[in-house]
Structures are given as structure tokens and as C-alpha cells.
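Single-structure report; data block below.
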Amino acid sequence: MAEPLIKLIDIRKTYKMGETEYQALKGVSLTVEKGDFLAIMGPSGSGKSTLMHILGCLDSPSSGEYFLESKEIGKLADKDLAKIRNEKIGFVFQAFNLLQRMTVLDNVLVPFTYSRIPRAEQMERANKALEKVGLESKKSNKTNQLSGGQIQRTAIARSLVMNPAIIFADEPTGNLDSKTSHEIMSILAKLNEQGNTIILVTHEDDIAAYAKRIVKLRDGEVVSDEKQKARTNMTTEKKEK
Amino acid sequence: MRSLVTNKLRTFLTILGIIIGIMSVITLLNVGESAQNSITNSVNSFGSDLISIIPGKIDVSSITGIVLDKPFTVDDVRALEEHDALYYGGVAAMNAQGLMTQYEDKTRRYTVDGIYGDYFTLRNMEIAYGRNFSNEDSQSLARIAVIGPKVAEEYFGEVQLALGKKIRINGIPFTVIGVQKPKDAVPFMDPNEIIYVPLGTYQKLLTGDDSVQIIYANSKSTDNMEYAQREVTLVLRRHRGIASGEESDFSIQTSGEILSTINQITGIFTLFLSAIGGISLLVGGIGIMNIMFVTVRERTREIGLRKALGATNRDILLQFLTEAVVVTVLGGIIGTILGVLLTYIFAAVANLEPVISLQSVSMAVGISAAIGLVFGIYPARQASLMSPIEALRFE
Ligand SMILES: Nc1ncnc2c1ncn2[C@@H]1O[C@H](COP(=O)(O)OP(=O)(O)OP(=O)(O)O)[C@@H](O)[C@H]1O
Ligand SMILES: [Mg+2]
């Protein structure tokens, strides 16, 4: 078998707050293959976001090893880390994190600021990404002229433009109503069918139901890791579980 | 960059310091340069062979800068004239004062010069219409005047109409016998706006004081300036009864010396005022630094996001540094424009030919960019070193 896309070995994360220390991750080991669709679940405070940030190279673990495409992340300098965040990782946040007062298209183009892709190709890719999330008609809108679902779709389009090896989504539907949540999940499921590797965090079972595999955390430890039955279509899948 | 546009007012207030600093530096340098240029021109137009003698000693420690024991009188001038001079040629004297003058129902204040001797020749002035004072006129109490072309225009409309007309000075009528040819303006004084009367008349009828303010002599050749100066000194010392070994009670200067003294003074002035400009630039720079800290704080989440999307520390550093430099250069450009405008206004008020040196403009823009760099680097560095996740979590 080929090398896994992601390999975590005994990842620990300790937060220091003055005198007290808090262990948010207590030795997480995890392997993710290319093309997987993983949902991380667990009670609030169990360390899901902490794990996602480490996976997304936004934070570094206190100890343990993290290999992304066989590269050891802990050994990289800022410049190389930035390159990985730019090229290998797409991140979708619960809080959307679009740049205010900019158009949808400009927001989707931001990752290109830190790449060397020619302008024409940038536009082509941005348009394709907006098409995938069904936002072509809104691309000249300012972010404050969008609904919550449209904002999150913009963020997904932004995470797609660099054709990343993996997309991380930390509670992407946490701020959305259930109808919009399912629209967003359909988009992510479709992207996974097209070959994108996706890891998402959610509290909700019907959101997790879209994933192929569910990892459960509790108190900073993996308590279960199960493959789900292959999906036939969206509706049957929602009823499972 | 967007935040600069959206916070227009704040940005403007921030760069006000830079604007004022650059504006004052630009104005000072250019007004200084213009003044220096005009002074040089005017001193040169006196003739480089001119020697000026004023009574009293130049004493930097006294309040007025001059210690005056015994004023000059026409006797001193005569002594110089009567001496069989080897090195100096012409001799002249002048007193000046601003006085109210009147023609028909028009009144205006003009500088009135009481002149004696070869004044016009020594000061390189020529007559356009009519005639100059004769030797007898200088010493007589004749109520006659030679006027500058602007005075003639003001009072008579046309310069040619001036001859034979009567102008009242301090209420006393003077007949115009000549009009002077136009001359290049001198800072703070227009030589075309002067009324000349014989020194004797001036002393007796206008001021009632027989002292002489300044005596001029010219060297027969510019090569012998030093000898001419020494000869004048000797004649005056002897006439004024100053024993050898005693200090002269008058000061003597050539145009070259006057020029270098003036240059020195304007140089000190420019330096002093530039220092004020420099201080306001420093304050402006600190303002920029402050606003950059605020901006970095406000945009912490944006910094986190940009890092999450692939920005390196260097990208963030450059982004904020660029912003700081753009703001300060903008301030520099506005300040430069205002400074150039002010220079023109000053020049117009002070009768100067405005000079805008390209060097000062490029320097201003360079300085403002440098301020952006120097005061922007610390906040920008702080922004660049934020951890992406901490920045994203920042509320
Ligand atoms: N920067 C921090 N400093 C100190 N403690 C932190 C920090 N970030 C997280 N924690 C703590 O670590 C634990 C795990 O936090 P984390 O955000 O990973 O939880 P989560 O599983 O994502 O929770 P939720 O479902 O509420 O988002 C929590 O107890 C939290 O208080
Ligand atoms: Mg969380």
C-alpha cells in the first residue's frame, strides 16, 4: 500500500495558562489515506479543534510526529510551512473568516496572493471553484451581501482553488440552519467523490453521516474509529446511523 | 490597504504630522534657497567692487549686534572724497526711512532714501527719464526727487508723465526730476518702489538729524579690494581721530563679505527651521507607529487567516510595511505639494523669485518613505510573528 496522506504518531498538546497546564490532546495517533472522508466527533472540549489546527499546520503539537505526504511537519521552517498551508491544505472555518468588504471573487483569489500561478489560470480556477459551490452568479457580491450558506460556500471555494491535497473543515455547518447545512455537506460529499480528501469536525450525527469514517475523541484521546457503510445516495445515508 | 481607505479620516489624521513636517521642510528649504538666490543676485547687482561702511562695531554679544559710539556725518564722506585715493574710486552715502508720501489725493508709504555722492553709480542704478542729482543737488536743500518706476506708475499712471510733477513727502512738496530704470527685486524690498532725495534735504527737512547711516565706496579694480578697504579704513580712522592701536569705531565690509555673512545667517536659520521640521516628522513617525499598532491589533484575525491561506511571515511583514510606507509617502506627497504652494505664497509676499529645488522634493519623498520604514517595521514585525491560530482566535 502507498504511503498514507496523513500520519499522526502520539500527538500531544498541552496548553499553559500561567501556572496551570491543560492537556488538550493526550497522545493521538491517526492515519488518513488519500480520498478519505473523515468526520471527527466528540463532546465539547474534547480536543477536536486542537487536533484540526495541528493537522492544518496552524498550530504545532507539544510532542509527537506529524507526517503529511511523508514530510515531517515539525521540522519545517516558517517558509515551508506557509507553502504547505498554501498548496496542500484547504481550511474551512466555522466562523467563515472571509475578508470583509471584498467581493466573493476577490476572497476566493486571496490564496493566489501567496503563489506563483499566472493571473489567467487564477481566474479560471477561481471561476471553476465558484461553479463547484454554485456561486458563479454571486461572484461580484460583497461579503456583506451574502447569506450564511453563501458565505460558507465562498469559503469552500477559497479552500479549493489551490487544488489542495486535503480539505479541513472545523464545524463548517455550526453556524448554519439545517437546510443550508445539508447543502454545504452535499457540496463536500461531491468534492470527496471527485477525489478530494476531506476531514471535518461536527457535533451532529446527520452531518457526520456524510463521511466515510468517523473518529470519536474524548478528553483528548481517540475513543473510536469506525468506517461507515458505503453510501449509495444522500437520502438513504441520512437515515442510517 | 483597504483598511486605509475605509478609515480615511483616521489615516488622514495620522499622516497630518508627516504632512506638516514635510510641508515645513519643503517650504523652509525652498524659501531659504529662494532668499539666498535673491540675496546673492542683489548683492552681486550692487557690484562686487562695493565697500560698505557702517558706524559702530559689530558686537555679537550686544542685543542689537552693533555698538554705536559716534555716528557718521557728511564730514566723514567728504574726508573720503577729498583724500587723493589710490585704490578706491567713488564715494556715496545713504540714509533711508519709510515715510508717508502723497500725490493729489493718493497717499502711500514709501521708502525714502536720502543719497549723497556717486550713489547711483556705486549701486549700478540708471536713470530712465529725466536726470540724476548733480553734486550740488546732493548738498543743497533742493526739494527734488528721483523716483522708482513703480512709484511713477502708482502716482502718474505712466512713467513718462512723472517729470516735473510734485510729490509731497511728510507734507513737503518735491519735484520729480528723474525716474530710475527698473531693477531686479531684492528680498523684502523692491528697489523700484523707492523715492530718492538729496541727503542734505533728507536730513534737514525730513528727519532733522545730521547723521549718516551708511557710506559706500568702490574699489577701482576688484583685484585691489583689500587695498581699497584698507585705504578707506585709514582715511576714516585719521579723520575720526582714532589713535593707532585703538579699535575702529566703524565696520567695513565688501559685498563678498556681506554675502558670506548673509549666507551664514540664512544657513543657521534654515538649519534651525529644518530641525523644527525634523521634530514634527519624528512626531509624525511616532503617530504612524501608533496607528500601525492599532491596525495590526484590529486586523489580527485577518493576519491569522492570511497565514492559514499560505502567507509567510515575510509576506505579512511586507504587507504592513508597504501600508506604512504608502501612508507616509502619501503624506510626503501632500506635504510637498503644500510646501511648494507655501513657497510660492512666501515668495510672492517677500518679493522673491521662487526656486523649487528638485533635490528637496525627492528628499522629502525619500524621507517620508524612510519614516514609513523605520516606524512601520516594529508593528509590522509584530504582526508577522503572530502564530496563525492565536491570531485567528483573537477577538
Ligand atoms: N489557546 C488555548 N489555551 C488554553 N486552553 C485551550 C486553548 N485552546 C483550547 N483550549 C482547551 O483545550 C480543550 C480542547 O479545546 P478544543 O477547542 O480543541 O475543543 P473542541 O473539541 O473543539 O470543542 P468544541 O466542540 O466546543 O469546539 C478545551 O478544554 C479548551 O478549553
Ligand atoms: Mg472546536
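Of note:
- Residue mean of other protein chain beta carbons inside 10 Å, A:102-115: 2
- Modelled spin labels at B:THR222 and B:ALA370, positioned 7 Å past Cα toward Cβ, are 3.8 nm from each other.
- The angle between the Cα long axis of helix B:8-46 and the main principal axis of chain B comes to about 20°, on a 0 to 90 degree scale.
- Each other residue within a Cβ distance under 14 Å of B:ILE127 adds +1 if Lys or Arg and -1 if Asp or Glu, for a net charge of +1.
- When chain A is treated as a Gaussian network with alpha carbon springs shorter than 10 Å, the biggest mean-square fluctuation among A:MET17, A:MET185, A:MET123 belongs to A:MET17.
- Pairs beyond 28 Å (Cα-Cα), from A:LYS88/A:LYS212; A:LYS139/A:LYS227; A:LYS13/A:LYS229; A:LYS139/A:LYS216; A:LYS16/A:LYS48; A:LYS48/A:LYS79: A:LYS139/A:LYS227; A:LYS13/A:LYS229; A:LYS139/A:LYS216
- Among B:ILE215, B:HIS239, B:THR111 the positive-end extreme of the charge dipole of segment B:71-248 (Cβ point charges): B:THR111
- Rounded tilt (10° steps) of B:358-384 against the dominant C-alpha axis of chain B: 30 degrees
- Longest DSSP-loop-exposure-free segment, GluC sites (Glu not before Pro), chain A, at most 16 other Cβ within 10 Å: A:70-203
- Sorted ascending by nearby beta carbons within 10 Å, beginning with the fewest, A:VAL32, B:VAL294 become B:VAL294, A:VAL32.
- Pairs of lysines in segment B:117-223 whose Cα atoms sit within less than 21 Å of one another amount to 7, provided the residues are eight or more positions apart or on different chains.
- For segment B:71-248, a crude dipole built from +1 on the beta carbon of Lys and Arg and -1 on the beta carbon of Asp and Glu, taken about the Cα centre, is about 460 debye to the nearest 20.
- Mean separation of Cα pairs under 8 Å and 6 or more residues apart, divided by the residue count, gives chain B a relative contact order of 28 percent.
- Counting only other chain Cβ atoms within 10 Å of each residue's Cβ, the peptide A:77-88 averages 4.
- Full-stretch length increase - B:ARG168, B:GLN264 - with 0.36 nm per residue and alpha-carbon distance subtracted: 30.5 nm
- Model label sites at B:SER248 and B:ARG10, defined 7 Å from Cα along the beta-carbon direction, differ in position by 6.7 nm.
- All lysines inside 18 Å of B:LYS70 as judged from Cα atoms, apart from same-chain residues fewer than 8 positions distant: B:LYS57
- Average other protein chain Cβ within 10 Å of Cβ, residues B:301-308: 6
- Model label zone, B:ASP210; criterion: amide N under 15 Å from point 7 Å along Cα-to-beta-carbon; scope segment B:73-97: B:73-79
- Chain A: relative contact order as a whole-number percent, Cα under 8 Å and 6+ apart: 27 percent
- Relative packing of B:8-16, B:301-309, B:238-246, which averages over residues the other C-beta atoms within 10 Å, highest first: B:301-309, B:8-16, B:238-246
- Overall form of the protein assembly as shown per C-alpha gyration tensor (a/c, 1.5; a/b vs b/c): prolate
- Three-way shape label, segment B:146-288, alpha-carbon gyration tensor, a/c 1.5: oblate
Rule-based calculations on the coordinates, nothing more; no lab input. What you are looking at is a predicted structure, and each value in this text was computed from that prediction instead of being measured. Neighbour counts are summed over all protein chains in view; Cβ atoms, including those assigned to glycine, are modelled from backbone coordinates with ideal geometry.
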